[in-house]
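The values are calculated or read from the model by the stated rules, or taken from the named source; none is laboratory data. Computed from a prediction, not measured in an experiment: that's the story for all the values here. When we count neighbours, we look across all protein chains shown, and the Cβ atoms used for this are built from the backbone with ideal geometry, even at glycine.
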Amino acid sequence: MKTPKRVQPLVDEGLIDEVLRQLMSGKEATVYVVRCGEEIRCAKVYKEASQRSFKQAISYQEGRKVKNSRQARAMEKGTRYGRKMQEEVWQNAEVDALYRLAAAGVRVPRPYICFEGVLLMDLVTDAGGNAAPRLNDVVLTEALALDYHAQLLKQVVLMLCAGVIHGDLSEYNILVDEHGPVIIDLPQAVDAAGNTSAEMMLERDVANLANYFSQFAPQLASSQYGKEIWKLYVAGLLQPDSILTGRVKLDHRPADVGAVMREMEIARREAEDERSRFQQHGI
Ligand SMILES: Nc1ncnc2c1ncn2[C@@H]1O[C@H](COP(=O)(O)OP(=O)(O)OP(=O)(O)O)[C@@H](O)[C@H]1O
Ligand SMILES: [Mg+2]
């Protein structure tokens with residue numbers, strides 16, 4: 001097909017030899033099948049900021065690193081330079097997450113580069129070499145649903161061990177290749193340690209999986225994998241091979257109010273000592 005204008009810079013740079021066809025036009029991006037030498041790959045062209053939707057909400061941006069404080073200030077103020085920076089941070093977020101996750105052994109498409117707002121990555125294919133279907137287009141038996149659910153939980157755990165939460169995980173952002181589920185669509189990926197909504201987002205991602213698969217395997221509907229995974233993560237106990245049960249124990253022990261009061265008293269005295277030392281000696 002004729003090379004779309006936005007893909008032309010990658011053709012000029014020799015990163016892409018030919019655009020074969022358009023695969024999908026989603027809410028956030030248009031995806032093309034391209035040829036790079038002998039390889040068939042996939043080019044995701046991000047839409048302009050004004051055409052994008054919820055994923056750029058503030059809660060996703062929190063904890064993202066920019067190169068320096070001048071850029072951070074410009075982004076906060078929303079100057080033209082700031083908006084350009086924000087756009088770059090956004091466009092690079094997906095390729096960064098893909099590199100991090102591929103290195104951690106998560107099943108994601110292998111990334112190559114993000115250039116001029118176009119992400120070049122492996123095309124996920126089915127056994128016949130065609131673009132892989134999305135999970136929501138695949139009919140599952142109960143056994144296969146349980147198997148895919150378990151595989152995906154393992155991926156979510158691997159991601160969290162690498163410090164990343166997908167943030168928009170659903171049957172629409174999972175492809176199925178001949179070996180099982182592959183996770184895609186990560187520009188909104190969240191930094192688990194630096195984002196105050198991290199717990200909520202992890203639980204929502206995991207609940208989306210349970211909800212979806214429970215139509216084939218109803219026993220998943222009451223599982224609590226999200227809470228269980230998060231509990232292990234904050235306790236520093238989450239490992240790629242952590243064994244999950246889907247149940248969390250409620251803590252019925254009464255709170256030790258006396259111990260809390262004692263801690264508060266110690267903190268109060270320390271602050272008082274410091275204040276009087278400062279008044280007496282100026283240190
Ligand atoms: N690496 C890939 N291999 C095969 N197909 C892909 C790949 N990346 C994206 N696709 C296809 O393109 C579609 C859109 O991709 P993606 O979800 O990343 O973009 P999006 O615009 O954010 O989508 P949406 O807003 O609809 O979720 C996917 O549902 C999938 O069918
Ligand atoms: Mg998507």
Give the residue that is farthest from Gln91 (Cα to Cα), with candidates limited to residues of the stretch 1-60 that are at pLDDT below 95 and of a type in the set (A, V, I, L, M). Met1
Test Ala127 against the criterion of being over 30 Å from Glu13 (Cα atoms), out of contact with any Asp or Glu (no Cβ under 6 Å at 6 or more places or on another chain) and in the same structural domain as Asp177 (by TED's automatic domain parsing), and give yes or no. no
Among the numbered conditions (1) more than 16 Å from ligand 2 (Cβ to nearest atom); (2) buried (at least 22 other Cβ atoms within 10 Å of the Cβ), tell me where Pro218 comes up short. (2)
Looking at (1) assigned to a helix (DSSP H, G or I); (2) hydrophobic (A, V, I, L, M, F, W, C); (3) touching a residue at least 60 places away in the same chain (Cβ under 8 Å), which is the one condition that is false for Val106? (1)
Looking at the stretch 119-136, which of the residues that are away from ligand 2 (no atom under 16 Å from the Cβ) and not small (Gly, Ala, Ser) is farthest from Lys47 (Cα to Cα)? Asp126
Meets criteria (in the same structural domain as Glu39 (by TED's automatic domain parsing) and either surrounded by 20 or more Cβ atoms within 10 Å (Cβ to Cβ) or modelled with pLDDT of 95 or more (or both)) for Val95: yes
Using the structure shown, decide if Lys231 is farther than 30 Å from Thr30 by Cβ, out of contact with any helix residue (DSSP H, G or I) (no Cβ under 7 Å at 6 or more places or on another chain), among the charged types (D, E, K, R) and outside any helix (DSSP H, G or I). no
Based on this model, can you work out whether Val89 counts as closer than 24 Å to Lys47 by Cα and either not in a loop (DSSP other than H, G, I, E, B) or not assigned by TED's automatic domain parsing to the domain that holds Lys44 (or both)? yes
